[in-house]
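Just below is one structure, and these are the notes that go with it.
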Amino acid sequence: MKFNKLIPELSVKDISKSKEFYLEILEFQLVYERIAEKFAFISLNGAQIMLEECNGHWQTGGLEYPYGRGINFQIEVENIESILQNLKKYKITLFRESMLNNYSGFIQKEFIVQDPDGYLLRFSQPC
């Protein structure tokens, strides 16, 4: 396995709830986990994220919902409609509805959803 040059590690309140959201709804794959440490390494279409239940190890200040204020992670996918259907099926409200955006001639379909801890995830698919 090849590790990306940048892999965010997200502190989460409940690793089980986060794994369910990312794996079952957002279609990420579990690459490996350390169950005793409540840690999971997941990937989707080359995007890699680490999830770790809050343990104080990385905490630099008070942590309250929503975590990750001021940051959103863009994740390019091959089938954005499949993820949108899963979110609809589980009645998860989008933070920003699906839209087409034009970035200097590069057009992509995208939407933003918050994970259970409030991290913003922007899913995109080139058009």
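The values are calculated or read from the model by the stated rules, or taken from the named source; none is laboratory data. Predicted, not measured: the structure shown is a model, and the values here were computed from it. Cβ sites come from the backbone with ideal geometry, for glycine too, and all protein chains shown count toward neighbours. Quick note on the areas: whole protein, heavy atoms, side chains included, nothing else; ligands and nucleic acids left out. Shrake-Rupley method; radii C 1.70, N 1.55, O 1.52, S 1.80 Å.
Observations
- Taking the criterion of being of a type in the set (Asp, Glu), farther than 15 Å from ALA47 by Cβ and open to solvent by 80 Å² or more (accessible area, probe 1.4 Å), the only residue of segment 78-104 that qualifies is GLU97.
- Residue pairs meeting the criteria (Cβ under 9 Å; at least 6 apart or on separate chains; first of a type in the set (Ser, Thr, Tyr), in segment 29-56; second surrounded by 15 or more Cβ atoms within 10 Å (Cβ to Cβ) and outside any strand (DSSP E or B)): SER43/PHE28
- Residue within segment 110-120 that is open to solvent by 50 Å² or more (accessible area, probe 1.4 Å) and modelled with pLDDT under 95 present: no
- Scanning segment 28-50 for residues that are of a type in the set (Asp, Glu) and open to solvent by less than 90 Å² (accessible area, probe 1.4 Å) yields a total of 1.
- Matching residues in segment 1-19 - criterion: being under 24 Å from LEU94 (Cβ atoms) and open to solvent by 90 Å² or more (accessible area, probe 1.4 Å): LYS13, LYS17
- In this structure, ILE107 does not satisfy being in a loop (DSSP other than H, G, I, E, B) and open to solvent by 30 Å² or more (accessible area, probe 1.4 Å).
- Only one entry of ILE112, ILE75 meets the criterion of being assigned to a strand (DSSP E or B), farther than 19 Å from ILE7 by Cα and out of contact with any helix residue (DSSP H, G or I) (no Cβ under 8 Å at 6 or more places or on another chain), and that entry is ILE112.
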